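Student: Below is one structure. I have some questions about it.
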Amino acid sequence: MGKIYEYQVLRVNLSNGEISRETIAGEKVKKFLGGRGLASKMLYDEIDPKVDPLSPENKLIYATGLLTGTAASTGGRYMVITKGPLTGTIASSNSGGFFGAEMRFSGNDIIVFEGKAEKPVYLSLKGDQAELKDASHLWGKGVYDTTDMLIEEFGDEKARVSCIGPAGENMVKFASIMNEKDRAAGRTGVGAVMGSKNLKAIVVKAGEKQVEYFKDEMMEVVKKQTKTLKEDGVTGEGLPALGTKVLDNVINEHGAYPRNNFQYGTFDKVEEVSGEALVEKGYLQNNKGCYGCPIRCGRHTKLPNGQEGEGPEYETGWAFGADCGVSDLNAIVQANFLCNDLGLDTISAGATIAAAMELYEKGYVDKEELENGPELTFGSSESVTYYTRQMAYREGFGDQLAEGSYRLAESKGNAELSMSVKKQELPAYDPRGIQGQGLNYATSNRGGCHVRGYMVSPEVLGVPEKLDPQELKGKPEWVKIFQDLTAVIDSLGMCLFTSFALGLEDYTEIANAGTEFEYSPEEMLENGERIYNLERQFNLEAGITPDQDKLPKRFDEPLPDGTFRGTAAKYREILPEYYEVRGWQQDGWISDEKLSEMGLK
Amino acid sequence: MSLKVKFHSLFRIKLKSRGHEYQLEDEIDVMELIDLLDDDYDGYFSKKLLDAGEISPGSIILVNGENVIHKDGVKTKIKDGDTVTLFPPSAGG
Ligand code: SF4
């Protein structure tokens, strides 16, 4: 056995308990890579895009990337692909840690779950055995307990667990799937789909490594890339020291740090909650890394009350912090730990509370609805922890919050107060201060999201080169390339953070070294474009039409504060050009010619 | 004139300082400010912020919130009352 050229698929029918195996090889793997790409192709081929995401007809696919489990730097990632209940779009959530690599070692490169189990179950993968087991005793348990109990039951402390918490069981629309307790396939509600299938967890421990992925040829490239990552200012110094939370001050100074549900673009209390504060207050203990990662951006934190865990990431700190007007770092970290244990996406959880705060302050939510819960006012640190717990259990007002900010605001007669795109909550960058990011938000295939084309990097951070954040010229091309390249990196199973130091040539080189395929950089980027088109086509067929390529109305109003005071979002001016650059029709649909050109028809 | 310099990220953590204020006779530009900081911090800032006399990739220098790359780079003038904010290469997501 040598390099990768085929995928072993484990198919698990939860309705009748049947488990079967199949192999995908050749062109399909070559053209869709692995992970997000290949699994999206399978989902598109196997389900009707119109299915109800929480019905047994939807499928849930766990997929390793093309290079997951190899020696590639950061090559430890797995993705969960399904139709998402929050957005109704195709959903692909990506997680690091060690679960993905173990899954690959076990010879299960992709696992497809179909149907719905009658009672709660989990999938046990021991060596080459695959077995569905009763999970009744785990149902209702948090992620931490579930992980500990499963490892104990499995009888091997080196086993890896990926599971849902109560939020997934209760089908909270933005429930996450968690592995190694604190690592999240966070966004788009993949955990709710898992819950809808009565599937609590997967626990895996490989027998022997099924494939030898450490060939000399690959090691040479790996060594070179590791050196690049170690020497780069961002991946070698900034991320290891402060993690993603280095961004609080950067984005705040830039005037794109949303406060109070995006009503403002700066937060005067940022010093209380920034990454620097996490260090200065003594909460940060040490940094941690995922499988094969030389960057090690993970944070291990400990609160004065002794609680420990991972995080917060920049997005999380912002969602429970500035977006809710909260400056109590202790409460923010607690809300983060709660999300990890309950299995909630931190961005959507925090941003939904922020939207609820605005709805409450403006009189769209009555005090009675809160049923003795704390008042939902901006700045209330008590609210962020209280309602996070409530939404996971769908208790009291939490039941309405569990539907996400869009459905909540819509039910109160004011959908425009939800800061979301395609019903998914926007992350921590105001698009009025970063115009290319605005275009990316509007056209992201999984709704409001920053990791489908992180334009913040060139527009604010100056990586790989500094672009003017207010300039529109050339942005559609940039957005397209970023979106396509991101699809490549995800599908390879590498971490997006490598892209601060590595480029298309590097990804092509490592893929060529680790697989049987020979790609040119152009072909590699075309793979990304193919994946992006496929996801878009799925969404179009699901009924998510191009008129949804838009931001909430708030962003048509100028920013009231900060460096870009007086500026509104201008993505509408460049959307037609973006469609053109993509080779799509003027109306945003994809023509049959384009689909055949991409090998999708 | 007076100007305020703010340190963030690793600058702040390594130097254990949140910034520096200067009272000067004349207006200066960004390069001259880096020279001043180098005098006070043992050559630290030019090493971290510059690459062959230009702003190194990923380093961020803001004057009143605006990135000097989109102004006159290291020649950007700093006026009385301005705030200059410095970041080493930073990123996240
Ligand atoms: S950079 Fe951070 S998230 Fe990415 S693989 Fe490394 S530790 Fe994990």
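Only the coordinates and a few stated rules stand behind these numbers; no lab work does. Just so we're clear, the structure is a prediction, and the values are computed from it rather than from any experiment. Heads up, the Cβs are rebuilt from the backbone with ideal geometry, glycines too, and the neighbour counts pull from every protein chain shown.
Student: Exactly one condition in (1) within 14 Å of chain B (Cβ to nearest Cβ); (2) within 17 Å of A:Phe497 (Cα to Cα); (3) in contact with a Leu (Cβ under 8 Å, 6 or more places away or on another chain) is false for A:Gln225; which is it?
Tutor: (1)
Student: Here are the criteria: (1) over 21 Å from the mean Cα position of the chain (by Cα); (2) more than 28 Å from A:Gly88 (Cα to Cα); (3) not acidic (Asp, Glu). Tell me which single one A:Asn198 does not satisfy.
Tutor: (2)
Student: Scan region A:1-43 for residues that are among the polar types (S, T, N, Q) and in contact with a helix residue (DSSP H, G or I) (Cβ under 9 Å, 6 or more places away or on another chain) and jot them down.
Tutor: Residues of region A:1-43 among the polar types (S, T, N, Q): A:8, A:13, A:15-16, A:20, A:23, A:40.
Scanning region A:1-43 gives a single hit, A:Ser40.
Student: Restricting attention to helices (runs of 4 or more DSSP H) lying wholly within chain B, give those where 2 or more residues are within 11 Å of another protein chain (Cβ to nearest Cβ), closer than 20 Å to A:Leu239 by Cβ and touching a residue at least 60 places away in the same chain (Cβ under 8 Å). Talk me through it step by step, then tell me what you get.
Tutor: Numbers: elements: B:9-15, B:30-40, B:44-49.
Of the helices (runs of 4 or more DSSP H) lying wholly inside chain B, those with at least 2 residues that are within 11 Å of another protein chain (Cβ to nearest Cβ), closer than 20 Å to A:Leu239 by Cβ and touching a residue at least 60 places away in the same chain (Cβ under 8 Å) span B:9-15.
Student: If we only count strands (runs of 3 or more DSSP E) wholly inside region A:266-320, which ones have 1 or more residues that are near the ligand (Cβ under 10 Å from one of its atoms), within 14 Å of another protein chain (Cβ to nearest Cβ) and surrounded by fewer than 18 Cβ atoms within 10 Å (Cβ to Cβ)? So that I can check it myself, show each step before the final result.
Tutor: Working: elements: A:284-288, A:298-302, A:308-310.
By residue number, A:284-288.
Student: Taking region A:495-512, which residues are within 17 Å of A:Glu220 (Cα to Cα), within 15 Å of the ligand (Cβ to nearest atom) and aliphatic (A, V, I, L, M)?
Tutor: Once the filter is applied, which keeps residues that are within 17 Å of A:Glu220 (Cα to Cα), within 15 Å of the ligand (Cβ to nearest atom) and aliphatic (A, V, I, L, M), region A:495-512 yields A:Leu502, A:Ile510.
Student: Being more than 13 Å from every other protein chain (Cβ to nearest Cβ), farther than 22 Å from A:Leu38 by Cβ, of a type in the set (Asp, Glu) and part of a helix (DSSP H, G or I) is the requirement here; does A:Glu459 meet it? Give the derivation first.
Tutor: Values: more than 13 Å from every other protein chain (Cβ to nearest Cβ): no; farther than 22 Å from A:Leu38 by Cβ: yes; of a type in the set (Asp, Glu): yes; part of a helix (DSSP H, G or I): yes.
In short, no.
Student: Still on this model: Out of the residues in region A:392-427 that are part of a helix (DSSP H, G or I) and of a type in the set (Ser, Thr, Tyr), state the one that is farthest from A:Leu540 (Cα to Cα).
Tutor: Let us first name the residues in region A:392-427 that are part of a helix (DSSP H, G or I), namely A:392-393, A:398-401, A:404-411, A:415-417.
Restricting the remaining residues to those that are of a type in the set (Ser, Thr, Tyr) gives A:393, A:405-406, A:411.
Values: A:Tyr393: 33, A:Ser405: 23, A:Tyr406: 20, A:Ser411: 25 Å.
Among residues in region A:392-427 that are part of a helix (DSSP H, G or I) and of a type in the set (Ser, Thr, Tyr), the one farthest from A:Leu540 (Cα to Cα) is A:Tyr393.
Student: I'd like the full set of residues that are within 13 Å of chain B (Cβ to nearest Cβ) and not in a helix (DSSP H, G or I), limited to region A:462-501. First the steps, then the outcome.
Tutor: So in region A:462-501, the residues within 13 Å of chain B (Cβ to nearest Cβ) come out as A:462-471, A:482, A:486, A:489-490, A:495-501.
Across region A:462-501, the qualifying residues are A:Gly462, A:Val463, A:Pro464, A:Glu465, A:Lys466, A:Leu467, A:Asp468, A:Pro469, A:Gln470, A:Glu471, A:Cys495, A:Ala501.
Student: From A:Val326, A:Val365, which residue is free of Cβ contacts under 8 Å to residues at least 60 places away in the same chain, touching a Leu at 6+ places or on another chain (Cβ under 6 Å), of a type in the set (Val, Ile, Thr) and away from the ligand (no atom under 16 Å from the Cβ)?
Tutor: Values: A:Val326 fails: touching a Leu at 6+ places or on another chain (Cβ under 6 Å).
Exactly one of A:Val326, A:Val365 is free of Cβ contacts under 8 Å to residues at least 60 places away in the same chain, touching a Leu at 6+ places or on another chain (Cβ under 6 Å), of a type in the set (Val, Ile, Thr) and away from the ligand (no atom under 16 Å from the Cβ), namely A:Val365.
Student: Return the residues of region A:67-86 that are in a loop (DSSP other than H, G, I, E, B), in contact with a Lys or Arg (Cβ under 6 Å, 6 or more places away or on another chain) and either more than 14 Å from the ligand (Cβ to nearest atom) or under 15 Å from A:Phe113 (Cβ atoms) (or both); say none if nothing qualifies. Spell out how you get there, then give the answer.
Tutor: Residues of region A:67-86 that are in a loop (DSSP other than H, G, I, E, B), as a first pass: A:67-77, A:84-86.
Cutting the leftovers down to in contact with a Lys or Arg (Cβ under 6 Å, 6 or more places away or on another chain) gives us A:68-69, A:85-86.
A:Pro85, A:Leu86, listed by residue number.
Student: What's the number of the condition A:Glu237 fails, among (1) within 16 Å of the ligand (Cβ to nearest atom); (2) within 13 Å of another protein chain (Cβ to nearest Cβ); (3) crowded, with 24+ Cβ neighbours inside 10 Å?
Tutor: The failed condition is (3).
Student: Give the residue, chosen from A:Asn249, A:Asn261, that is within 14 Å of chain B (Cβ to nearest Cβ), away from the ligand (no atom under 16 Å from the Cβ) and within 30 Å of A:Ala569 (Cα to Cα). Steps first, answer last, please.
Tutor: On the way: A:Asn261 fails: within 14 Å of chain B (Cβ to nearest Cβ).
Testing whether each residue is within 14 Å of chain B (Cβ to nearest Cβ), away from the ligand (no atom under 16 Å from the Cβ) and within 30 Å of A:Ala569 (Cα to Cα) leaves just A:Asn249.
Student: So if I check each of A:Thr87, A:Thr64, A:Thr82, which one is more than 23 Å from A:Ile19 (Cα to Cα) and in contact (Cβ under 8 Å) with a residue 24 or more places away in the chain?
Tutor: Numbers: A:Thr64 fails: more than 23 Å from A:Ile19 (Cα to Cα); A:Thr82 fails: more than 23 Å from A:Ile19 (Cα to Cα).
Just one listed residue meets the conditions, A:Thr87.
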